[in-house]
Amino acid sequence: MPRIERTADAVWEGNVARGSGTLTAGSGSFGALPFSLPSRIGAPEGKTSPEELLAAAHAGCLTMSLASELTQAGTPPTRLDVTCRIVMDEVEGAGHQIVGSQITIRADAEGVDDAALDAAIERAHEGCPFSTLLRNAGAAVQVGRS
């Protein structure tokens, strides 16, 4: 696989408590997604957060990894539904840290029994760069079926 580089831009105006910002993808796939401290730590109210974007990235990466594993096994998926929950918490002496990523998967693929699906999920998890990044950073990464 070739080296992959992507960019995103953040613009912030004001102080952290009352200010707000936008996040824009360099690809143009999304633009000016609003975010703020109140929407990050409280109700989202239609705004995103860095944690939500990390959850989307991890879910997307693992989904593609699992689709690849199932296809290589000769049982390509007809549908994968993957949900990721990123958990940030206070860590003593270290401030707020990403401490976990919890992934649940629902997979539809003809000819795959439970054991084969579980094995494909494990291989996908081991091969997913976002799972590896989070594990190497000390976050607990849990992957399971719904």
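Every read-out reported here was derived from the displayed coordinates using simple, explicitly stated rules and does not represent laboratory data. From a predicted model like this one, the values you see are computed outputs, not experimental measurements. Cβ placement follows ideal geometry from the backbone for every residue including glycine, while neighbour counts extend to all protein chains displayed.
Points to keep in mind about this one:
- Any chance T104 is out of contact with any helix residue (DSSP H, G or I) (no Cβ under 9 Å at 6 or more places or on another chain), over 29 Å from R18 (Cα atoms), β-branched (V, I, T) and surrounded by fewer than 18 Cβ atoms within 10 Å (Cβ to Cβ): yes
- Extreme residue, nearest to the chain's Cα centre (by Cα), among residues of region 94-146 that are part of a loop (DSSP other than H, G, I, E, B) and not aliphatic (A, V, I, L, M): C128
- Yes/no for G74 being of a type in the set (G, A, S), assigned to a loop (DSSP other than H, G, I, E, B), more than 16 Å from the chain's Cα centre (by Cα) and under 23 Å from L133 (Cα atoms): no
- So R40, is it under 17 Å from the mean Cα position of the chain (by Cα), free of Cβ contacts under 8 Å to residues at least 40 places away in the same chain and either under 19 Å from I86 (Cα atoms) or exposed (fewer than 10 other Cβ atoms within 10 Å of the Cβ) (or both): yes
Listed here are the residues, each with its yes/no results for (1) out of contact with any Asp or Glu (no Cβ under 7 Å at 6 or more places or on another chain); (2) over 30 Å from L117 (Cβ atoms).
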position: G14; (1), (2): yes, yes
position: A25; (1), (2): yes, yes
position: F30; (1), (2): yes, yes
position: L33; (1), (2): yes, yes
position: T48; (1), (2): yes, yes
position: E52; (1), (2): yes, no
position: A67; (1), (2): yes, no
position: T78; (1), (2): no, no
position: D81; (1), (2): yes, no
